[in-house]
Amino acid sequence: MPSAVASTPAPTVSRPAPAAPLQPDASPSKPRARVNLDELAAQVKGNNQALRLLSAELDEKKTWDAAQLATAIETLEPLVIRKDDLTMACDLLSPDELSRVGRPDSPAAVIADVAAKISAAQKRIEKGEFSGTQSQRQTELEMLDALSRKLKAIVFDHP
């Protein structure tokens, strides 16, 4: 007895039309964040001047100890953080606005100078060029090591 096989039509799959490419909302009615350009320019200028002043202090021909380097790092840390914040704000500006405000200076040279002075101070102590007791020598080395770690954290760990 022949079997009857019912044939069912193959299901059809409908595919949606390709999506239109995304385009930024360029509507003039969308408000843009307002930036006080004069205030931003003053902050950029102040941060840049403070970095230059610290750089000039580090250029003084003297033997740097841990206490003096700690002061330099305490001065440097907020300048590095502020530079990053100012850079983010400047990145949002139009070219015309940016020409009015200016860009924050990089603290890289100052950071390198502080790192070199820490290293030089450590080497002087290790060579025996430290006038103090063995305990004071050890304390100075520990302080310099802590400053080196602090400088590393400023460079690599800040948000």
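A few notes on this one:
- When residues in the range 43-67 are screened for being in contact (Cβ under 8 Å) with a residue 60 or more places away in the chain and touching a Pro at 6+ places or on another chain (Cβ under 6 Å), 1 of them pass.
- From D145, D105, D91, D85, residue being out of contact with any helix residue (DSSP H, G or I) (no Cβ under 7 Å at 6 or more places or on another chain) and at pLDDT 95 or above: D145
- Listed here are the helices (runs of 4 or more DSSP H) enclosed by the range 55-149 that have at least 3 residues being among the basic types (K, R) and touching a strand residue (DSSP E or B) at 6+ places or on another chain (Cβ under 9 Å), and there are none.
- The range 68-84, residues that are of a type in the set (A, V, I, L, M) and either in contact (Cβ under 8 Å) with a residue 60 or more places away in the chain or closer than 11 Å to V114 by Cβ (or both): L69, A70, A72, I73, L76, V80, I81
- Tabulated pairs, the range 134-148, first touching a residue at least 24 places away in the same chain (Cβ under 8 Å), second of a type in the set (D, E, K, R), C-beta under 9 angstrom, 6+ apart or interchain: E140/D65; M143/D65; L144/D65
- Test: residue in the range 52-61 that is surrounded by fewer than 15 Cβ atoms within 10 Å (Cβ to Cβ) and more than 30 Å from Q138 (Cα to Cα): yes
- From T87, T71, T133, T75, residue being farther than 30 Å from A41 by Cα and of a type in the set (S, T, Y): T133
The values are calculated or read from the model by the stated rules, or taken from the named source; none is laboratory data. Because the structure is a prediction, the values reported are computed rather than measured. Using ideal geometry, Cβ is built from the backbone for each residue, glycine included, and neighbour counts are taken over all protein chains shown.
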